[in-house]
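Trainee: The structure under discussion is supplied below as C-alpha cells; questions concerning it will follow.
Derivation of every value follows stated rules applied to the coordinates shown; laboratory data play no part. This structure is a prediction, so every number in the text was calculated from the model and none was measured. Because the Cβ atoms are built from the backbone with ideal geometry, glycine has one as well, and the counts that use them run over all protein chains shown.
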Amino acid sequence: VDRKFGITGYLPGWRTDRGRIYLKYGEPDEKESNVLPLRTDPVIIWRYYEHRKVFRFYDKRGFGNYELENKWNEWND
C-alpha cells in the first residue's frame with residue numbers, strides 16, 4: 001500500500017484515502033480513471049461489486065493525492 005499509494009516525502013500510502021480503502025476492501029473489481037481531463041479535476045473510480053460500493057477519488061490539488069469524495073460517509077460505515 002505504501003509503495004502503490006504513498007506520496008514520496010509527504011504521506012505514506014496507508015494514510016491516503018486510496019490506501020485506506022484498499023486495505024479495507026482489497027483490489028477493486030473495476031477501475032476507471034480520467035487523470036488528464038480538461039477543465040475538471042482528475043478522477044479515479046473504483047467499483048466493488050460484492051460490497052455494492054463505488055469510490056470516487058479526486059486530485060483537487062494536483063499533487064497526486066487523490067482524495068475520496070464524501071469521505072466522511074465512508075468513515076461512518
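Trainee: Kindly write out, for the range 9-16 in residue order, the coupling ³J(HN,Hα) from the Karplus curve 6.51 cos²θ - 1.76 cosθ + 1.60 (θ = phi - 60°), rounded to whole Hz, with x marking Gly and Pro.
Mentor: Taking θ as phi minus 60°, the curve returns x, 10, 8, x, x, 5, 9, 7 Hz for the range 9-16.
Trainee: Over the chain, calculate the relative contact order: mean separation of alpha carbon pairs under 8 Å at least 6 apart, over the residue count, as a percent.
Mentor: Numbers: 117 pairs, mean separation 16.1, N = 77.
About 21 percent, as a whole number.
Trainee: Using volume of the Cα convex hull per residue in Å³ as the read-out, say which of (1) 96; (2) 72; (3) 119 was calculated from these coordinates.
Mentor: Calculated volume of the Cα convex hull per residue in Å³: the matching label is (1).
Trainee: All other residues with a Cβ under 9 Å from the Cβ of residue 47 taken together, and with Lys, Arg as +1 and Asp, Glu as -1, what is their net charge?
Mentor: On the way: positive: 31, 53; negative: 29, 30, 32.
Cβ neighbours under 9 Å give a net charge of -1.
Trainee: Counting only helical runs of four or more DSSP H residues, what would the 222 nm mean residue ellipticity of the chain come to if each run contributes -39,500 (n - 2.57) and the total is spread over all its residues? Before the final figure, lay out the partial values.
Mentor: Numbers: 3 runs with 18 residues, N = 77.
My calculation for the chain gives -5500 deg cm²/dmol from helical runs alone.
Trainee: OK, next. At most 11 other Cβ atoms within 10 Å and a DSSP loop assignment: could you name the chymotrypsin sites (Phe, Trp or Tyr not before Pro) in the range 1-76 that fit?
Mentor: On the way: sites: 5, 10, 14, 22, 25, 46, 48, 49, 55, 57, 58, 63, 66, 72, 75; in loops: 10, 49, 63, 66.
Filter output for the range 1-76: 10, 49, 63.
Trainee: So how strong a dipole does the chain carry about its Cα centre when Lys and Arg Cβ are +1 and Asp and Glu Cβ are -1, to the nearest 20 debye? List each step's numbers first, then the result.
Mentor: Values: 15 positive and 13 negative charges, 35 e Å.
Magnitude of the dipole: close to 160 debye.
Trainee: Okay, next question. Check each of the GluC sites (Glu not before Pro) in the chain and keep only those in coil by DSSP with at most 10 other C-beta atoms within 10 angstrom; list them in order.
Mentor: Values: sites: 30, 32, 50, 67, 69, 74; in loops: 50, 69.
Passing sites in the chain are 50.
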